[in-house]
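The values are calculated or read from the model by the stated rules, or taken from the named source; none is laboratory data. None of these values were measured; they are calculated from a predicted model. Methodologically, a virtual Cβ is constructed for each residue, glycine included, from the backbone with ideal geometry; neighbour enumeration extends over all protein chains shown. In case anyone asks, the SASA skips ligands and DNA or RNA and just uses the protein heavy atoms, side chains included. Shrake-Rupley method; radii C 1.70, N 1.55, O 1.52, S 1.80 Å.
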Amino acid sequence: MLTSWAQLNADIAGCTKCGISAGINHKVPGQGDPDARLMVIGEGPGAQEDRQGLAFVGAAGQLLTQMLKAIGLSREEVFIGNIVKCRPPGNRVPTDGEAANCLPYLRAQTALIRPQAILLLGATALKHILGPELRITKARGQFVLSKGVYILPTFHPAALLRDPGKKKDAWEDLKRLRDILSGLPEKEKNSRDHPN
Ligand code: URA
């Protein structure tokens, strides 16, 4: 049965399935429009995100804000989240077990939002959403249509900060995303309950 936002947020807040939940300051459930046409999914919270309880508020988040703006979207009109809701110590990549524990929350968020498109940022999001056999360098820029949702992998903004040479490809990916979204009909408003 479809959960409610209130129940889902309470479940995330109370979750202790992984050991990493013991060492964090805040859960980072993700934030944005509960009726968003676009969901953006990263890897997991970093230090800033853990401090504030908000996804993508550090340096990579600032670049993400600019990337969205470049295709005419504000952070407020999309939903921004991660594969895991707890910061892995030292910003390591989440383990497969941690991702498996946390993915039901992301799936529930996706079911509530019913986005038209999902932007996967980087290898970890790609692995856990579209499959471990895929490589970001190959899969990026190519839409996968899954259950009516257009899923587009691209580079993680942290990778773009480390290697600005990748920005050109990321921009091509974003333009494709813009084109897909502009060709889709306006989303019907979600009639289900909202967090606020
Ligand atoms: N990197 C991520 O993958 N997610 C965040 O929320 C911040 C940085």
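Cβ-Cβ contacts under 8 Å between residues 6 or more apart (or on different chains), taken from a first residue in the range 29-52 that is within 12 Å of the ligand (Cβ to nearest atom) to a second residue that is among the hydroxyl-bearing types (Ser, Thr, Tyr) and open to solvent by 10 Å² or more (accessible area, probe 1.4 Å), are listed as Pro29/Tyr105; Gly42/Thr124; Glu43/Thr124; Gly44/Thr124. Across the range 147-180, the qualifying residues are those that are assigned to a helix (DSSP H, G or I) and in contact with a strand residue (DSSP E or B) (Cβ under 6 Å, 6 or more places away or on another chain), and the one among them that is surrounded by the most Cβ atoms within 10 Å (Cβ to Cβ) is Leu177. Filtered by the rule that a residue be open to solvent by less than 10 Å² (accessible area, probe 1.4 Å), free of Cβ contacts under 8 Å to residues at least 40 places away in the same chain and closer than 16 Å to Tyr150 by Cα, the range 98-130 gives a lone residue, Leu126.
Return the only residue of Ile71, Ile80 being within 12 Å of the ligand (Cβ to nearest atom) and either touching a Cys at 6+ places or on another chain (Cβ under 6 Å) or of a type in the set (A, V, I, L, M) (or both). Talk me through it step by step, then tell me what you get.
Numbers: Ile71 fails: within 12 Å of the ligand (Cβ to nearest atom).
Selected residue: Ile80, the only one of Ile71, Ile80 that is within 12 Å of the ligand (Cβ to nearest atom) and either touching a Cys at 6+ places or on another chain (Cβ under 6 Å) or of a type in the set (A, V, I, L, M) (or both).
With respect to Gly90, determine if the residue is open to solvent by 20 Å² or more (accessible area, probe 1.4 Å) and assigned to a helix (DSSP H, G or I). When the stated conditions are applied, Gly90 passes them. Note on the range 21-49: residues that are more than 20 Å from Gly61 (Cβ to Cβ), at pLDDT 95 or above and outside any loop (DSSP other than H, G, I, E, B) total 2. Yes or no: Ala70 surrounded by fewer than 18 Cβ atoms within 10 Å (Cβ to Cβ), at pLDDT 95 or above and hydrophobic (A, V, I, L, M, F, W, C)? It is true that Ala70 is surrounded by fewer than 18 Cβ atoms within 10 Å (Cβ to Cβ), at pLDDT 95 or above and hydrophobic (A, V, I, L, M, F, W, C).
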